[in-house]
1. Of (1) part of a loop (DSSP other than H, G, I, E, B); (2) more than 30 Å from D758 (Cα to Cα), Q806 satisfies all except one. Which?
2. I'm trying to understand the selection: among the residues of segment 571-625, which are part of a helix (DSSP H, G or I), open to solvent by 20 Å² or more (accessible area, probe 1.4 Å) and either touching a residue at least 60 places away in the same chain (Cβ under 8 Å) or touching a strand residue (DSSP E or B) at 6+ places or on another chain (Cβ under 6 Å) (or both)?
3. Just to verify a result, which residue in segment 760-776, among those that are in a loop (DSSP other than H, G, I, E, B) and under 50 Å from the mean Cα position of the chain (by Cα), is farthest from V796 (Cα to Cα)?
4. Just to verify a result, which residue in segment 371-381, among those that are free of Cβ contacts under 8 Å to residues at least 60 places away in the same chain and assigned to a helix (DSSP H, G or I), is least open to solvent (accessible area, probe 1.4 Å)?
5. Please work out which residue is farthest from D217 (Cα to Cα), limiting yourself to segment 177-202 and to residues that are in a loop (DSSP other than H, G, I, E, B), free of Cβ contacts under 8 Å to residues at least 40 places away in the same chain and of a type outside the set (G, A, S).
6. Going by the conditions given, is E384 within 26 Å of T411 (Cα to Cα) and not in a helix (DSSP H, G or I)?
7. Of all residues in segment 312-325, which are surrounded by 14 or more Cβ atoms within 10 Å (Cβ to Cβ) and either hydrophobic (A, V, I, L, M, F, W, C) or within 19 Å of the chain's Cα centre (by Cα) (or both)?
8. For V118, which of the numbered conditions (1) open to solvent by 40 Å² or more (accessible area, probe 1.4 Å); (2) modelled with pLDDT under 80 fails to hold?
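The values are calculated or read from the model by the stated rules, or taken from the named source; none is laboratory data. Predicted model, so just to flag it, every value in this text is computed and none were measured. Neighbour counts are summed over all protein chains in view; Cβ atoms, including those assigned to glycine, are modelled from backbone coordinates with ideal geometry. Keep in mind that these areas ignore ligands, DNA and RNA; they rest on the heavy atoms of the full protein, side chains included. Shrake-Rupley method; radii C 1.70, N 1.55, O 1.52, S 1.80 Å.
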Amino acid sequence: MALISSQPIQSRKQKQPISAETSHSSDPLMADTDNPPSGGKNTPPKDFVCPITSNIFDDPVTLETGQTYERKAIQEWLDRGNSTCPITRQKLHSAKLPKTNYVLKRLIASWQEQNPSVVSIQAEKSHPESEPVFNPVMHSTSPNSVISQATIDGTISELRLAITNLCTSEILEESEMAVLRIELFWQEANMEVEIQNMLSKPPVINGFVEILFNSVDTRVLRATVCLLADLGSRDSGVIQTLTRVESDVECVVALFKKGLVEAVVLINLLRPSTMSLVEMDMVDSLLTVFRKREDDFLKMCMKPKSAAILLLGQILANSEETSISEIARRVISGKVIECIVGSLEAEWAEERIVAVGILLRCMQKDGKCRNIIADKAELAPVLESFMGANDGERFEIVQFLSELVKLNRRTFNEQVLHIIKDEGTFSTMHSLLVYLETALQDQCPIVAGLLLQLDLLAEPRKMSIYREEAIDSLISCLRNSDSPAAQIAAAETILALQGRFTYSGKPLARTFLLKRAGLGKHYKSLMRKEQLSNASGEIQGTLEEEKAAEEWETKVAFALVSHEFGLLFEALAEGLKSRYAELCSACFLSATWLVQMLTILPDTGIQGAARVCLLKHFVSIFKSSKDTEDRVLSMLALSSFIRDPEGMRDLTPHMKDIFKGLRELKKSSTLAFEMLKLFSEGHDSSADLWNHKELVQEDSSLNGEVLSIVCFKNKIFSGHSDGTIKVWTGKGSSLHLIQETREHTKAVTSLAILQSGDKVYSGSLDRTVRVWSIGNEVMCCEQVHDMKDQVNYLVVANSISCFIPQGAGIKVNSWNGASKLLNQNKYAKCLTIVNGKLYCGCHDSSIQEIDLATGTLSNIQTGSRKFLVKANPVYALQVHDGLIYSASSPLDGAAVKIWSASNFRMVGSLPSAMDVRAMAISSDLIYLGCKGGIVEVWCRKKHIRVETLQTSTISKVICMSLDSDENALVIGTSDGRIQAWQLS
């Protein structure tokens, strides 16, 4: 196989040519590219013109003397018997001409493409049949000829012969053998300068490149790449020669991507642009280098892994964010993180710093890898690199260390912090303090945050220059409105100082504060996800870890709020006014955290400063925010002020708005419930705190009485005496009828919905119970159960239904058809079922509890047995928070009696004078539906009436229901009206 075959040469010619830039030196291959040739527009560069013919080269050949001639012209010169170089007069060792100088030929071709007019002029000037013109040359032997310079020993002669074969042989095998012999000479001669000079000449480098293009022998290719890398690391001219032709670089990259890993060293020396590296898609090939053992590589001027680190760092440092994310993902999934971590201990400082940059970007894009890095990294060499690095590199090191201490275990974080503080020749804290004075504004918060953490490792002292400077810097950046980036960085740094992080390194401050406010579902869900993603499988949140986290949080919070008597609160208040949402959010969370911590920190009078700066902001957010979590967090902050008399005084003007918000949040947050209780107990007039406004009323009198009503989500279901069931939805100040069905033939006496909320059960005097599906927008009847008796009052559980028949007792039916009669001696008036126990209110005012599993019956209230005494039926019965509420007529002065569900002792009563027919109970209020269209509202805690609502008629209230949020009350009346009020 010929070394210079037509196909490879053709493929190289097809590469996009680069612009020709040569110097005035006699050797165009060794030209200084920084000094392009001068000349007019129609004058070709001197180095492109043959000194014999004065025409542009067509087939240039470079002799061993370094001079280049047109092949035909120099061949004729030699054919005439000359044995010296026409220009230098040095004796030629061989009359055989070398191969074409393809590098120069490609440069000429590129120049000709860019200057077509000059090419045509030159063509007109030259005559194809003219004889070459030889410039007159003195035939004297130069005293400085190569032969006379030194006596060449046998080794040099053999090397020269190998070089000649490499450059001139048309047989590929001979050229390959020449490479192997040159490699041997290079190693045995210990890379002497004289041999280096011989091998660094452009014709030799060109010969090596031809081998890379044509050889398929792995050993030869590895030897060639190693020689070029060694030569290039010692002589910049070699690199210039290689980079003049773009296809030569592409050839090296192609070999590297095919598995010639040693080529990575040469690629690094060639310094291709980042854009070129990205376009060449080298990332996977670079990762392959990391997976190989050191023993797999040849000994080179640089370790291939080091070169791969530098190239990968170059790609990551200059790529777009989307590309960085993808590359970081490939680095992490490729499981080469540990190898890159090993580069932190490299002898070469540049490699250590580049490795820091790679690991930093990996942590920023996928924080889970920080756990491996923290476990494997030796930080002492990194700290040593800090002193000699430039400002940009120093900040990258600080960022790396800051990210490294965002582990999900507090004890691990403190171990890493101790390493950062104690290792290294120089004092890390002093170095950071000095750097803090010169760092850019948006970099200062990161530096200050790390410095403060290192200072707080020791027991807090009264004075610490490190702490004072760090906190001063954070506050200064937070107040610097001219640099929003610095403000945001400062606010986020303060928040991260709380010290709790997920497994992926994200701050847990918001989630943890929500947990403290009683909104713990999100926290529990997040912790479950974190444990599943934790590769180690270790259980998080041990007592030891939680204790360490609490101690750290207390220590940091005390240092922050104590600085200059709460100066930080002023800065956070200013940040809350910013037009930048990101800054407002971070300041809000930081302020909430620090204010909440004041309740457990020693009282040093700082709470007053916090109240003055922040209380109005928290009230505003609590009143106006549409985000439930933000309202809960502001509520948490406000809870820190209500224990302070001055704080309660400042909150008094906003009490109604706060009370309204707490009622809305009480179901989702335990803290809201506790604060609501505290406010209610401490307020003089409960009536001032409870207000209802009428929302809507609808006339359904055409369907008779409204006998039953239930609310579910945003729908209201009503049952009527003519057998109709209606479905309503509330929008604004009106009810919209979305469905009406009349499948019952007689009155619908009761409606019930299971907790699952996917079905409605309707009981009717037509002796049936119908099961309706409400999962879709339209309610559909799925089943009809024949109860063989009138259904007067229906309650349902998962597998059974209970109802009051026409006669005595209570019928219990399972959905499979079995039935039994309970409490046969009583005429029941109302029912409720809770936790497998059935409660019955009877016509004779007696109340029973029946255990449905065992059939055990217990008397809660004994009924009247006197024939002359008017009966006082129990019309409504409710069980709420372990208490039993019964409602009837006020014959004994109390329309509602309250019993303990555990021991059946009466624990209270409501002294209403009204005749109660229906009842609904919320967490705070008791609603009594009475004769005459009256609804009384009573405080459940204090047992006092707080409001009276009047319907539009004087008919009696038959049924009532609360929505799931306990903010809306809906009633049904005997004259067929549906009316709703909202707690305002």
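1. All conditions are met except number (2).
2. E574, E582, Q596
3. Going through segment 760-776, the residues in a loop (DSSP other than H, G, I, E, B) turn out to be 765-767, 774-776.
Checking which are under 50 Å from the mean Cα position of the chain (by Cα) leaves us with 774-776.
Values: I774: 16, G775: 18, N776: 21 Å.
Ranking the candidates gives N776 first.
4. Just the residues of segment 371-381 that are free of Cβ contacts under 8 Å to residues at least 60 places away in the same chain, to begin with: 372-381.
When the remaining residues are screened for being assigned to a helix (DSSP H, G or I), the result is 372-376, 380-381.
Values: I372: 77, I373: 0, A374: 27, D375: 113, K376: 99, A380: 29, P381: 31 Å².
By that ranking, first place goes to I373.
5. As a first pass, look at segment 177-202 and keep what is in a loop (DSSP other than H, G, I, E, B): 189-192, 200-201.
If we keep only those that are free of Cβ contacts under 8 Å to residues at least 40 places away in the same chain as well, we get 189-190, 192, 200.
Imposing the further condition that a residue be of a type outside the set (G, A, S) reduces the set to 190, 192.
On the way: N190: 25, E192: 27 Å.
Result: E192.
6. On the way: within 26 Å of T411 (Cα to Cα): yes; not in a helix (DSSP H, G or I): no.
For E384, the condition - within 26 Å of T411 (Cα to Cα) and not in a helix (DSSP H, G or I) - is not met.
7. Result: L312, I315, L316, A317, S323, I324, S325.
8. With (1) open to solvent by 40 Å² or more (accessible area, probe 1.4 Å); (2) modelled with pLDDT under 80 applied to V118, the lone miss is (1).
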